[in-house]
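Notes follow once the structure below has been shown.
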Amino acid sequence: MDVRTNRNSVVKKMYIQMKKYYCIFFLFILPVTGFAQNAWTLAECINHALQNNIQIQQANIVSQSSQSQWRQARNNRLPAVNASLSDGFGFGRTLGPDNIFINQNSNSADGSLNLNVPIFQGSRISHEVAARRHDFMAAVADHERIKNDVSLTVVSHFLNVLLQKEHLKIAEQQRSLTDTMLHRIEILVQNGREPISRLYELKAQSANDAFNITGAKRNLRLALLDLAQLLNLEYVENFAISAPDFDFDISQMPIPIVIFENAIVTLPNVRAEEHRLESSKRNLDIVRSAYFPTVSFGASTSTGYFHLFGLEYPITNAPFGTQISQNWRSFVGVSVNIPIFNRFSVRTNVSQSRLQIEHQELQVRQAGNAIYNDIQRAMLNAHVSRDRYHAAANAVRANRQAFEFVEQAFASGRTTFFDMQQSRNNLERAQSEQVQAKYEFIFNVKILEFYNGREIGL
């Protein structure tokens, strides 16, 4: 009798210490229910991400740079006009006014204006304009693709937050079940109908449930933090989301090949690679243009001033204005550059360009195959997760009935705490499987709807 009393006393002291620990622990943790007052919807999260995500901003910069290169390619058709000015001093031997070298210091200044107009470049400029245009269109498509990827990532993180909320709800329900049973056992123990060891077992389980709730809250906070960081928010302390109502049915979803045909038209993934393929073909034409002669028109006008130091009268330097007017000279002409032998560099560049075209053709096929594979995988996962959800729902109902039976048996002393705990764990596992399958199903359905051309949303 004394041994049993001492054992119960030790268990009771351990429970009191554990209870103090959890009380102190919860005081330093912000409750999730007070996490925020203004909850974000999925549409608000996506819009904010599209405006503030760094990857999207970088892709926008790349598209602007490609547009600038396309504009410059068009401007290459314009004439080039350049002016130059020079002024310098010479020391020692220099050419004198009579075109004889003399040992005197001098000063010379020159100015010129040059014009160059491309006449024929082997159609290089036209091909370069077309190539840079396709590069720009590919960059725009990449920008759209990254926006779509970020939107889907936001949906994934948003659903993960909702999933963690469901897990927290399950943990709180388990704690509520334990507290209800604990209240019953306390009454039975007071009336002498149950041993005090049952009470301590339930108190220890209640403390363990509180610990599980703490872990669920931590997972929820981490999920919220991941979503807030994806949105590039500076302050995440008061960040929370609102849960929409879900009503999805995959039975009306088209077959994968129909979704793929819609995706090829609407999604920018394949379109970007197709523009790069056209750019590669134009680059081949640019390289081939090096086989042809180039013709350009040129014109220039220039004048200069020359001054010798130390001249003795009557030899003097002509005035500055006189020299500028007398030394004026102009030039107009046409230049032709004919390629003859360039160490086979043009032929090598043509070969490299053809290989690049073949590589890009494979990239186009790979992009299409990746989309079709993603659609097939999402369709399969949606069917599997839907079946898992229905199976888990049946398991939840069966395990809830079993737990209620075992709970009553435990309250009447007809079964052990171990049996009740095992039954409750089975119920909790089935509930977790149900919510996991639910959100997997929702996410895969959203992927299919996105590939089918519908706007991302819940």
Open item on the list: Test of understanding: among Arg347, Arg414, which residue is in a helix (DSSP H, G or I) and either within 30 Å of Lys438 (Cα to Cα) or open to solvent by 80 Å² or more (accessible area, probe 1.4 Å) (or both)?
Closed with: Arg347
TODO: Could you please tell me which pairs satisfy a Cβ distance under 8 Å, a separation of 6+ or placement on different chains, a first residue in the stretch 280-307 that is farther than 30 Å from Gly90 by Cβ and touching a residue at least 40 places away in the same chain (Cβ under 8 Å), and a second residue that is open to solvent by less than 30 Å² (accessible area, probe 1.4 Å) and assigned to a strand (DSSP E or B)?
DONE: Phe297/Gly333
TODO: Keeping to the stretch 367-390, report how many residues are surrounded by 14 or more Cβ atoms within 10 Å (Cβ to Cβ) and free of Cβ contacts under 8 Å to residues at least 40 places away in the same chain.
DONE: 1
TODO: Confirm whether Arg276 is in contact with a helix residue (DSSP H, G or I) (Cβ under 7 Å, 6 or more places away or on another chain), more than 29 Å from Leu113 (Cβ to Cβ), open to solvent by 80 Å² or more (accessible area, probe 1.4 Å) and part of a helix (DSSP H, G or I).
DONE: no
Open item on the list: Please pick out the residue among Ala430, Ala437 that is assigned to a helix (DSSP H, G or I), free of Cβ contacts under 8 Å to residues at least 60 places away in the same chain, over 24 Å from Gln376 (Cβ atoms) and of a type in the set (A, V, I, L, M).
Closed with: Ala430
- [ ] Please name all residue pairs, on different chains or six or more residues apart, with Cβ atoms under 7 Å, provided the first residue is in the stretch 84-95 and is hydrophobic (A, V, I, L, M, F, W, C) and the second residue is open to solvent by 30 Å² or more (accessible area, probe 1.4 Å).
- [x] Phe89/Asn105; Phe91/Asn105; Leu95/Phe101
TODO: Provide a single number: the residues in the stretch 54-94 that are in contact with a Phe, Trp or Tyr (Cβ under 6 Å, 6 or more places away or on another chain) and either more than 30 Å from Leu231 (Cα to Cα) or in a strand (DSSP E or B) (or both).
DONE: 2
Open item on the list: Kindly evaluate Val364 against the criterion of being open to solvent by less than 60 Å² (accessible area, probe 1.4 Å) and in contact (Cβ under 8 Å) with a residue 24 or more places away in the chain.
Closed with: yes
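The values are calculated or read from the model by the stated rules, or taken from the named source; none is laboratory data. None of these values were measured; they are calculated from a predicted model. Positions of Cβ are backbone-derived with ideal geometry, glycine not excepted, and every protein chain shown enters the neighbour counts. With ligands, DNA and RNA removed, areas are computed over all heavy atoms of the protein, side chains included. Shrake-Rupley method; radii C 1.70, N 1.55, O 1.52, S 1.80 Å.
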